[in-house]
1. Give me the pairs: first residue in region A:206-217 and free of Cβ contacts under 8 Å to residues at least 60 places away in the same chain, second residue buried (at least 20 other Cβ atoms within 10 Å of the Cβ) and of a type in the set (A, V, I, L, M, F, W, C), beta-carbon distance under 7 Å, and six or more apart or on different chains, which are they?
2. Any residue in region B:181-196 that's free of Cβ contacts under 8 Å to residues at least 40 places away in the same chain: show its pairings with residues that are among the polar types (S, T, N, Q) and outside any loop (DSSP other than H, G, I, E, B) at Cβ separation under 6 Å, as long as the two are six or more apart or on different chains.
3. Can you find even one residue in region A:189-210 that is more than 19 Å from the chain's Cα centre (by Cα) and surrounded by 20 or more Cβ atoms within 10 Å (Cβ to Cβ)?
4. Across region B:79-108, what is the number of residues that are away from every other protein chain (no Cβ under 13 Å) and either crowded, with 21+ Cβ neighbours inside 10 Å or in a loop (DSSP other than H, G, I, E, B) (or both)?
5. Name the residues in region A:69-89 that are of a type in the set (S, T, Y), farther than 21 Å from A:F108 by Cβ and at pLDDT below 95, would you?
6. Under the condition of being more than 14 Å from chain A (Cβ to nearest Cβ) and of a type in the set (F, W, Y), which residue from region B:254-302 is farthest from B:G244 (Cα to Cα)?
7. Name every residue in region B:34-63 that is more than 7 Å from chain A (Cβ to nearest Cβ) and among the acidic types (D, E), in order of residue number.
8. Tell me which of these B:E6 doesn't satisfy, since it passes every other one: (1) more than 19 Å from B:T73 (Cβ to Cβ); (2) in contact with a Gly (Cβ under 8 Å, 6 or more places away or on another chain); (3) of a type in the set (D, E).
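The values are calculated or read from the model by the stated rules, or taken from the named source; none is laboratory data. If you're wondering where the values come from, they're calculated on a predicted model, not measured in any experiment. Cβ sites come from the backbone with ideal geometry, for glycine too, and all protein chains shown count toward neighbours.
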Amino acid sequence: MTTPIRTELSVADIVPFGQPLPGRDSRYGFYALTLEKPEWKSWQPGQFIMLRPSEGRGRMLARPFPICRVTSQSLVLFFEVSDPGTEELSRLKSGDGVIVWGPLGNGFVMDSERPALLLAYGSGIAPFAGYADMHPAPERLSMVFGHRAPNSCYPTDAMASRMYMEDVLDRTEKEREMFRRSMLSKLEECGEAGGVCLACGPMWFMSWVWENAGRLGVPAQLALSSRISCGIGACLGCSTLTSSHWPDEACAGLPVQTCTSGPVFWASEIDLSEYAAERSS
Amino acid sequence: MDMRIELVPGLVLKNPVLSAAGTFGTGREFQPYGDLASLGAVVMHGVSLRPSGGAPQPRIVETESGILSAVGTPNLGVRHFVERELPGLPWSDVPFIPSLWATNVDDFSELSSILSKEEAVAAMEVNLDCPNDHRDGRKFCLNPVTAARAVNAVKREASGKPVIAKISPQAIDIAEVARAVEAAGADIIACSGSVPGAAVDLADRRFSLGSIEGRLSGPAVKPVALWCIRQFAGIVHIPIIGMGGVRSASDVLEFMLVGAAAVAVGSANFSDPGLIFRNVEEPPALCAELGIDDLSSFRGGLVG
C-alpha cells in the first residue's frame with residue numbers, strides 16, 4: 001500500500017455533467033473535478049482521497065472521493081452533489097486551492113487472466129474509469145451500470161469504448177426489476193467463467209450485490225465509502241461489520257474501520273445482512 | 001523560545017500541544033502527515049477492559065455548528081491494545097497516554113492495573129466524560145463523589161504514573177468535580193469543551209445519529225471550554241489540559257492565558273490531519289509577535 005500524503009493542490013478545471021437541475025439556480029448535480037497531479041508514487045483504482053477547500057474555508061469535514069483517474073498531468077475526481085459539503089465543492093473554480101490527503105485505503109484486484117464483472121450504481125461508476133484505463137486486458141471486463149439521472153450525467157464514454165457495458169435506467173419499479181435481472185444474469189455468467197465481481201455504489205445496492213454474489217458463490221469485492229469522515233481511521237465514524245472469514249481472528253465478527261480496512265472488502269469477509277434486511281423491509 | 005512544559009514531575013512535554021483522546025487513533029494513523037515526536041504528547045483512543053463494538057451508525061454527522069458525534073469507544077479491549085497496538089510506538093520520543101473508559105469503578109481499577117505495567121504508557125487519562133453508567137445510561141462521573149471514586153481507583157493501581165482526570169462540562173458544579181478529583185489523587189485535569197447535542201434529518205424524519213444524542217465539537221464549543229477552565233483554574237492546584245474547538249496557534253495561547261498548562265487538539269484532527277503539527281510549529285512565532293517570552297508567566301495571566 002502506498003503511504004498517503006497530505007498536499008495542497010490547485011483546481012485545474014471543474015466540468016458539470018448532464019443538465020442543470022430544475023429549480024436550482026442553474027446548478028448541476030454531477031461534476032468532474034480536475035486537480036493538478038499530486039506527487040504520489042503509485043495508486044490503485046478503488047482507493048480514495050479526502051478533499052476539502054483550502055485553509056480557513058469550507059465546512060469542518062472533508063469529503064471522501066474515489067479516485068476516478070490519474071493522468072500524466074492531473075488527478076480527476078467525479079462526484080454527485082449530495083449535501084452542503086459537495087454543494088460547496090461544486091462552486092470551486094479553476095485556480096482555487098484544495099487540501100487533499102491520499103491515496104487512502106486499498107484497491108480492487110486486477111488480474112489479466114480472470115474476467116471481471118463491474119457493477120456500478122450512480123456516481124459509484126467513478127473508480128471504474130481508472131480501473132478500465134489501467135486494466136491490462138480490458139476485453140475481459142464487462143459492466144452493468146444502473147442510474148437514476150440521465151446517462152449524460154455520468155462519465156461513461158471512455159469506459160464504454162474499452163469494455164462491454166450495459167446501461168440501465170432505474171427510475172421505476174419495472175426498471176429496477178430489469179436492472180436486477182441484468183445484474184443477476186451477468187453474475188451467473190461471471191461465476192460460470194470463474195470471474196470476479198467488483199462493485200461500487202450506495203449501500204442498498206452494495207448489500208444487494210453482497211447478498212447475491214454470496215448466494216451464487218461469485219467472489220466479489222465491494223468498495224464501501226459511506227460515512228467516511230476523516231479517511232485515516234481516527235474518528236471511528238465509519239465501520240463495517242466483519243464476518244467469521246475476516247483474516248484477522250481478533251477482529252472477526254467485530255466492526256472495523258471502513259476507511260483503513262477497506263474501502264474495498266471481499267464480500268465473504270464482511271457482513272452486510274443488516275443492510276440487506278433493511279432493504280427488504 | 002523554550003516551549004517545554006513540565007506537567008508533573010517526570011512528565012515533560014516538548015511543547016504544550018497534545019492530541020485529544022478519540023480524535024487521534026493510536027497516533028500511528030497520523031504518522032504519514034507529520035512527526036509524532038514533535039507533539040507534546042499523544043493522548044490515544046479510548047480503551048475498555050473488554051472489546052466494545054461502539055455506537056450504532058450513523059456515528060458522526062456534520063452540522064452547521066460543528067461535528068456531532070456518538071462513537072461509543074469502539075475498541076478491541078485492553079489485552080489487544082497492550083499486545084497489538086502499543087508495540088512499535090515511538091514512546092521514547094513522545095509520551096503516549098491511553099484514555100481509560102469503563103462502566104464501573106472496578107473496571108477502571110483493573111484497566112489501570114494492566115496499563116500501568118506498560119513502559120510505553122507515560123500517563124493515563126480517566127474518561128469521566130463519556131456515558132459510563134451501565135445501569136441507566138447516565139454519566140455517574142458527573143457527580144463529584146463518583147468521579148472521585150473512579151479517579152482514586154485508577155490512581156491506586158497506577159504505580160506512580162500520572163493520572164489525568166478528564167471531566168465533563170455537563171457537571172452541575174464543575175469546580176466541585178475538579179476539587180473532588182484533585183483530592184482523589186488526580187495529577188492533572190483535562191476539560192473537554194464538547195457539549196451534548198442532537199440533530200435531525202428532516203427528509204427521513206429521524207434523529208441523525210444512531211444513538212440519537214451525541215457530543216457537539218468544533219469552534220462553536222471553544223467559548224464553553226474557556227468558561228469551564230475559568231470555573232476551576234484558580235481553585236485547583238494541579239495542571240489543566242484545555243480542549244474544545246482548538247484549531248490554531250492563537251487558540252492554543254487563548255487556553256493558556258485562561259490557565260491551561262497544555263492544550264489538546266480534538267475534532268479538528270478530522271478536518272485536516274496536518275493541522276495538529278502546524279499547531280506545534282506556529283505558536284513560537286505568534287509568541288514572538290505578541291511579545292511573550294516566557295510561557296509560565298504568560299499562563300493564567302489574564303488582565304482583569
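1. Going by the 7 Å Cβ cut-off, the qualifying pairs are A:N212/A:L187; A:A213/A:L187; A:A213/A:C197; A:A213/A:A220; A:A213/A:A267; A:G214/A:A267; A:L216/A:L187.
2. B:A184/B:N152; B:G185/B:N152
3. Yes, some residue in region A:189-210 is more than 19 Å from the chain's Cα centre (by Cα) and surrounded by 20 or more Cβ atoms within 10 Å (Cβ to Cβ).
4. Adding up the residues that qualify gives 18.
5. Restricting attention to region A:69-89, the residues satisfying the condition of being of a type in the set (S, T, Y) are A:71-72, A:74, A:82, A:86.
From the residues that got through so far, the ones that are farther than 21 Å from A:F108 by Cβ too are A:72, A:74, A:82, A:86.
If the condition is that a residue be of a type in the set (S, T, Y), farther than 21 Å from A:F108 by Cβ and at pLDDT below 95, then A:S72, A:S82, A:T86 are the ones that fit.
6. Ranking the candidates gives B:F298 first.
7. Within region B:34-63, just B:D35 meets the criteria.
8. (2)
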